[in-house]
Amino acid sequence: MLSFLESARKSLKAVAVATATLAVAACQPVSVGGGAGPSIDTTAAVPVALLVPSGSGSAGDDVLARSLENAARLAIADLGDVKIDLRVYSTAGKPAGAQAAAIRAVDEGAKIILGPVFAQNANAAGVAVASRGVNVLSFSNNTDIAGGNVFVLGPTFQNTADRLASFAVGQGKRNIMVVNDRTAAGETGRAAIERGVANAGGSVVGRVAYEFSQNGIVNAAPEIAAQVRSSGAQAVFMTADTAGALPLLTQLLRDNRIDPSVAQFIGLTRWDIPTATTSLPGVQGGWFAMPDPALYQQFQNRYQAAFGEQPHPIAGLAYDGIAAIGALVKQGNSGALTTQALTQASGFVGVSGIFRLRGDGTNERGLAVAQIRNNQVVIIDAAPRSFGGAGF
């Protein structure tokens, strides 16, 4: 148990720094004009700009940039007769670099921008080209920057919260308690869970926020347990992630006699990354959401065969962006890259299933509900294959 606590403590220290960085990097949406989208010639190759974080001096950014470009080119190869003229621009991982790259890309004829990754950079790129009527499909999942001509392709807390809350209520677990770390990400996650529960027709019967530290979790665990018992909560929905509070929090709740078979543990984040997490006693029986694992495995296998390495975890977003652009261009409509076309209700099919872009710049993705059983991930509710069906 001591080694387990020590490991959790180290993870919390590392993630506390990362969370602080994210909070500083968060930016507010900018109301801008434009974003309708330019007219294109669908009989010719459509110029698409890909903004990647290479040139920042970070080896990790260079690896990410290479993986995004590889995934985009893999998607282009799958488009058949649709022609995409992919033009890659470096942002150096900075807002000023993203702004300059976006302006240069549009000056050189780009009809839409794919990327960049980081929220501030995507915001800067969007503002830079908003008056030019060019849309930006960023790889960020920060919904603070969504809107106007900027879309986020990354998975969002709200999408995940809606999926899990709907499933929980459908399983008779209507009374839900929310537990979050007292960080910017934790508070954003808490708000998403509460909206998801309300949207699903459930009730939030308790809330506990804990200081994001080992002592904070240890001190909060008895209070969480007491509220679970007094409120009659049928589920405990947590914002904690595997690199931070989750290992310690779930174990301490069990130590405080909270039985997950009575009060179902639900996670807003992936509980299967890293895979070693699935062997922890505290997470057994827990629910979380994930993309269709079979479809994503196909993408990983194809990427490995084509490039001799595994894709970066977010590389699939570049594939998705090209897939959406290609599907729209294939329709032969000169307005294929307008906001109206990009937000078509039927959505698109990407590397991990269906997704669609919303008018507010956010996205919806078809997610599966998974459970950890006997140290293994088991899908208990498959990802939907179309919008409007089960899971939406």
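Scattering from the C-alpha atoms of region 270-339 alone, worked out with Debye: what is log10 I(q)/I(0) at q = 0.11, 0.18, 0.19 1/Å? Per q value, in the given order, log10 I(q)/I(0) is -0.46, -0.87, -0.91. Per the Debye calculation on region 152-264 with a single equal scatterer at every Cα and no solvent contribution, log₁₀ I(q)/I(0) for q = 0.21 Å⁻¹ amounts to -1.16.
Count Lys and Arg as plus one, Asp and Glu as minus one, and take only other residues whose Cβ is under 14 Å from that of Trp271; the net charge is then 0. Its Cα gyration tensor gives region 49-113 an equivalent ellipsoid. The semi-axes, each the square root of 5 times an eigenvalue, are 22, 17, 5 Å from largest down. Once the C-beta distance of Ala45 and Ala382 is scaled by a Förster radius of 51 Å, the resulting FRET efficiency is 0.85 to the nearest 0.05. Once C-alpha pairs closer than 8 Å and six or more residues apart are averaged by separation and normalised to the residue number of region 48-171, the relative contact order reads 22 percent.
If you wrap the Cα atoms of region 108-217 in a convex hull and average its projected area over all directions, you get 8.6 nm². Restricting the count to DSSP beta bridges whose residues both fall in the chain, what percent are antiparallel, rounded to a multiple of 5? Bridges in the chain are about 35 percent antiparallel.
A Stokes-Einstein calculation at 37 °C with viscosity 0.692 mPa s, built on the Kirkwood radius of the chain over Cα pairs, returns a diffusion coefficient of 152 µm²/s.
Rounded to the nearest whole Hz, the Karplus-based 3J(HN,Hα) values (6.51 cos²θ - 1.76 cosθ + 1.60, θ = phi - 60°) of region 121-129 follow the sequence 5, 5, 4, 5, 5, x, 4, 5, 10, with x at glycine and proline. Taken along the Cα-to-beta-carbon direction at a fixed 7 Å, the label points for Leu79 and Asn375 span 4.6 nm. Using just its DSSP H runs of length 4 or more, each adding -39500 (n - 2.57), the chain gives a mean residue ellipticity at 222 nm of -13500 deg cm²/dmol after division by all residues. What the Cβ-Cβ distance of Asn199 and Thr275 gives, at R0 = 41 Å and to the nearest 0.05, is a FRET efficiency of 0.85.
The orientation-averaged shadow of the Cα convex hull for region 258-303, equal to a quarter of the hull surface, comes to 4.0 nm². Using C-alpha pairs below 8 Å separated by at least 6 residues, the relative contact order for region 66-135 is 28 percent. Between Gln171 and Gln298, the distance separating the two model label sites (each 7 Å from Cα on the Cα→Cβ line) works out to 2.7 nm. Here the spin labels are modelled as points 7 Å beyond Cα on the Cα-Cβ line, and at Ile103 and Glu223 they lie 4.9 nm apart. Fewest-first ordering of Asp78, Asp107, Asp381, Asp241 by other beta carbons within 10 Å of each residue's beta carbon gives Asp107, Asp78, Asp381, Asp241. Each peptide in 121-130, 212-221, 137-146, 39-48 gets a packing score, the mean of other Cβ atoms within 10 Å over its residues, and the list from highest to lowest is 121-130, 137-146, 212-221, 39-48. Annotation: Cα Rg of region 139-183 relative to the compact-globule expectation 2.2 N^0.38 Å equals 1.49.
Bear in mind these aren't lab numbers, they're just calculated from the coordinates by the rules spelled out. Since this is a predicted model, take the numbers as computed values, not measurements. For neighbour counting, all protein chains shown are included, and Cβ atoms are generated from backbone atoms with ideal geometry for every residue, glycine included.
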